[in-house]
Structure formats: structure tokens, C-alpha cells
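Structure provided below as C-alpha cells; questions to follow.
The values are calculated or read from the model by the stated rules, or taken from the named source; none is laboratory data. A quick note: this is a predicted structure, and the numbers were derived from the prediction, not measured. A quick note on method: Cβ atoms are made from the backbone with ideal geometry, for glycine too, and the neighbour counts reach across all protein chains shown. Accessible surface areas use protein heavy atoms only, side chains included; no ligands, DNA or RNA. Shrake-Rupley method; radii C 1.70, N 1.55, O 1.52, S 1.80 Å.
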Amino acid sequence: MQIFVSPYFLESMKKSILYNLVFALIVFGFISCSESLTDNQIPNSAPDTFIFLFPDNDISQQPSRLQVHWWGDDPDGLIVGFYFKWDGLDDHWTFTSKNDSLFSLPIGTADTTFSFLVSAADNGGNGIYDNSVMQNGIDYGPEPFIDMNDNGVYDNGEQFYDIGLIDLTPAERLFPIKNSPPIVEWNEASSLPLVSFPVITVGWNATDTDGDESITEIEIALNDTSNFVALGGSTRLVTLRIQDLAAASPQMEILLNADENNINPELLGGLKLDDNNRIILRAKDISGGVSKQIVLPDTSRDWFVKKPRGKLLIIDDYEGGAEAANFYITSFNSLNGGALVDKYDVFDLENNLLPYPNISFLETLKLFDYIYWYSDASPNLTFANLVTQKFINNGGKIFFSMTFEETSGDFAFDLATLQNFLPIDSLGQDQAVPFLLRGASILPSNSGSGYPQLETTSTVGFVRTFVPSVTAVEVYDLASQQINGNISFIDNSKSLFFIGIPLNNSDGISGNVLKLLEKVLFEEFGLNL
């Protein structure tokens, strides 16, 4: 059976449905307006708050520096910000408009558990600035605002966060914090020589995953691990130098960061003179966590600390000079009838490399009162510039015997370089003599001075003459077929003597080099034993 529906009926039905829908909307709008007019609104709902960790949501033991994330959900409004606090650390709630923060938690014990609470706040505020937000029995303080004039108080017109409802059940998470002990390691510059005098400079790197600022102490010991000395946690470099060479139980001063004006009040004991030594280091953090000990040098080698024999140090700056070394040892053992035997030391500048030489070398020289520094045509001008005037200002006296090469390379020089440590106005000649032949005479500038005449015994390279400054007196003139002029001088204070030729090549009149050494060291410098 077919059912026929008139088109007029269908049209009528459509109009009826439309009229009913419009009527329903009008009624709904009227009801809504009535509720508004009668202040019978649907109550605002408090937001919910959630916490998570990124990238790992695991709550197993964390380092003390960690990133925490949170978010809020409000069913009938928007989230304007969050209040958070670390329970037990701070009773004050802090407002933030952000969804995360990086926290550095204090470590009071080896392992600690902290509780983090955060509550979302919605935008259902009252439209005016409130000096106090009290909800859930909690005083959150005044509403946060942007302090445009930096006066610390809210002024009309400044933007503020109109706090509505705050989550009355804060999201909470426990964070077990694992303390990580510090890590220390010697830096690359801290490589001890096989032998040194009781002065050394060493440095290290120290880190802590809980933050380097959590390192509170660097502890250092010398041979005896039961006698550590505590230094500040930021210390990364020390110079150790003996305090009293004559002490029965010698101790070392600790120059913090190698600063002469920053000496640690506690001395470092345990030094063994004329014996092998070890430096031990470790770090402590705020919780008492201790790093592994590091030792310098390691067990594969030794560090022999030599006690100075006397007041005189010979600096061997002669390249490949075994023959020269033997000449000077023989000469110094013969001085003043053998008075210096076993009462001087030799420092091999080429083969005895110190860590942080710019610091350690000068401190080593300060152990002595007198220096004899000999070289050929390639002296270490960097060190000569570095230490000469400082050594003299410290009361020392220094005797140089060397020549200066002019050609390019590691030992090339200019006039300004020499003037930094020698009292000269200019060079006597523009060009150095490539070779000064055997038999050249080196004559006292003043025949009545008491200085002995010298004569070359072999060919000498790169000899030149000088014009001393007014602060020095000429001592020797060179007389030869190749070059003439002043080659030696002594400063007016009789603290520096220089001769521009290796003395091991100048004993053509046998025994006169010995007389020159005695003249300068004992008479001019006043060397006493």
C-alpha cells in the first residue's frame, strides 16, 4: 500500500518546526537574561592542576638541579597563572605565569626528598586590584602586577593578574634528590718534572652535576692523606713554596691562584726534601660528598724535591752544552779554593720543564740570592725578561754570560727585548759578526779595575757590542779584527753583571775566567757562604 503525502502538508510541517525552534530560542534567551538579572549565575568552578617531568616523567632520584613542568585545566574559564612552593623550604607561595621552571635545590644531606606543590589560578577575578588574595585558608599575598615604575607597589593603571579561583587541592609531587659527589682532575698544564726545588704550581678542574657552586672545599695534602688542608671551593690553582729551608719539619706556603697577595693562612705539611713526593687532591660539596682523590704524579713516575745546597744557582741555558756544563762545574768547584763545592745548584732550563713556568720559575729563583746564567746564542729571552727585574727587586743578584742571535726563529730578538732586562741604550753595531775567531782579546775597559784579561779559545758565533745606559758601567771591550766596542757592563747597584760572550769559550789565558767569576761573585756581588 502506498502512502501519499501532500506537498502542502510537508510545507506546513516545515513551517511548524521552524516556528517552534524560534520560540524555543526566544524562551531560552529570556531565561538566561532572567538569571543574569536576578544574579542567579552558574557558580565558577576552581581549576585543576597537574605536574609532569620532561623528558622523563620518572620520579626516581634526580640531580639537585631539575626542570619541573605543570599545567592547569579550568572547565569554565582560562588559566592566568600558577602559585607554587617547595614544602619545607619556603612557606611563601610564588606566582608565575609560566608552565615550567628550572630549580636548584639545596643539599643538606647526602640524599633528600623534597615536596613540590603548585595550584592553578583562573581568570574569574573581581576586576579590581586586590592587596590580599585569601583562599582555601591560605594567604597568597597581593595580586601580582607589572611594576612599570619599579617602586615596589601597585599604582593605578599598572597591569595586574586578576586572580579568580585557585585550585584548592594543589598538585603535589615528591622529588627524591640524589647528591652527586664532585669530580676533580688535574689540568693539562700540571705535569711535574722528575726533579724540582721545593716550589711548584699545579692546577685542576673541578665540577659537580649539582652545580659547581655546591663545591665548598678543595682539600690538598702532601704525601700524608691524614693531613689535608682545606681551601676555598672556587680554588683552581695553587703555588706551593717552602716557607723555611732550615726547618726540621719543613712546611709549604699555599699561594691561592698563584697570587703572592693571597696566601692561605694554613701551611701545608708533609714535605720530604731530597726525596720523592706526591700531591693529593680532593673536593667536598655542601652535603659532605667527597670526590675521588687524585694524585700527582701517578705511580708510574716520581717527583724528587731537591733541597737547595746554598745561595747560588747556576742556570744552564746552553743548547746541547755538555762540554760547557763540565767547564762550569769544574770552574765553580775551584772558586775561592773550593769554597763552593756542594754549596750551589744547577738548573737545566732546557730539560727541566716546570708546570706553569711563568709562575714557578721566578718562585724557584727566589730560593737563591745569586744567579749565574749562561747560554750560547739562543738564550731563553722570554724567561730572562720575565724574572730578571723581579729577582733583583727581591734582593737578588744575577750574572749573565751569553750572546744574541739576530736571525729569525725562536731565539730572534730586538733591542726592546734586551732593554727589558739589560741596562743598554743601543747596540754597538747594526750587524752581528757571524763568527768571532779564536784568539780575540777581551780587555778591561778600565785597566785599573782589577778585572782579568780574557781571550777566546774557539770560534764564537753572533758576537755584538753594546752601548750601556747611564745606570751601568762598562767593564770589558772587545778588540779584534772583526768587531770592536763594549761587550760587558755592570749596573750601578752591582746587582747585574753582563758579558756578551760565553765564558767557556773565553779562557785563553788559563785561569782568568775563574778570576772573573771570583771578582764578580765575591767582590762585586758580595757572595757569602
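Just a yes or no: is a residue in the range 322-337 assigned to a loop (DSSP other than H, G, I, E, B) and either within 23 Å of Phe525 (Cα to Cα) or in contact (Cβ under 8 Å) with a residue 24 or more places away in the chain (or both)?
For the range 322-337, residues assigned to a loop (DSSP other than H, G, I, E, B) and either within 23 Å of Phe525 (Cα to Cα) or in contact (Cβ under 8 Å) with a residue 24 or more places away in the chain (or both): absent.
Taking the range 439-489, which residues are touching a residue at least 40 places away in the same chain (Cβ under 8 Å) and of a type in the set (D, E, K, R)?
Glu455, Arg464
Taking the range 148-164 as the search range and keeping residues that are open to solvent by less than 80 Å² (accessible area, probe 1.4 Å) and of a type in the set (D, E, K, R), which one is farthest from Asp122 (Cα to Cα)?
Looking at the filtered set, the residue picked out is Asp155.
Ok, one more. If I filter the range 361-377 down to residues being modelled with pLDDT of 95 or more, part of a loop (DSSP other than H, G, I, E, B) and of a type outside the set (Asp, Glu), which single residue comes out as surrounded by the most Cβ atoms within 10 Å (Cβ to Cβ)?
Phe368
Kindly state which strands (runs of 3 or more DSSP E) lie completely within the range 421-529 and contain at least 1 residues that are at positive phi and open to solvent by 20 Å² or more (accessible area, probe 1.4 Å).
Filter on the range 421-529 gives 460-463, 485-491.
If the Cβ limit is 7 Å and pairs must be 6+ apart or interchain, which residue in the range 184-212 that is in contact (Cβ under 8 Å) with a residue 12 or more places away in the chain and at positive phi pairs with which residue that is part of a strand (DSSP E or B) and open to solvent by 10 Å² or more (accessible area, probe 1.4 Å)?
Within 7 Å, the pairs are Gly211/Arg65; Gly211/Ser104.
May I pose another question? Which of the residues belonging to the range 212-231 are open to solvent by 40 Å² or more (accessible area, probe 1.4 Å) and not polar (S, T, N, Q)?
Correct list: Asp212, Glu213, Glu217, Asp224, Ala230.
Let me ask another. Would you kindly identify the strands (runs of 3 or more DSSP E) lying entirely within the range 134-221 that contain at least 2 residues that are within 17 Å of the chain's Cα centre (by Cα)?
The strands (runs of 3 or more DSSP E) meeting that bar are 183-186, 199-207.
To continue, here is another question. Go over the candidates Asn352, Asn380, Asn358 one by one and state the one that is at pLDDT below 95, within 13 Å of Val195 (Cα to Cα) and open to solvent by 20 Å² or more (accessible area, probe 1.4 Å).
Within the list Asn352, Asn380, Asn358, the selection yields Asn352.
Continuing with the same structure: Within the range 334-346, identify whether any single residue is over 23 Å from Phe304 (Cα atoms), modelled with pLDDT of 95 or more and either of a type in the set (Ser, Thr, Tyr) or open to solvent by 60 Å² or more (accessible area, probe 1.4 Å) (or both), and answer yes or no.
yes
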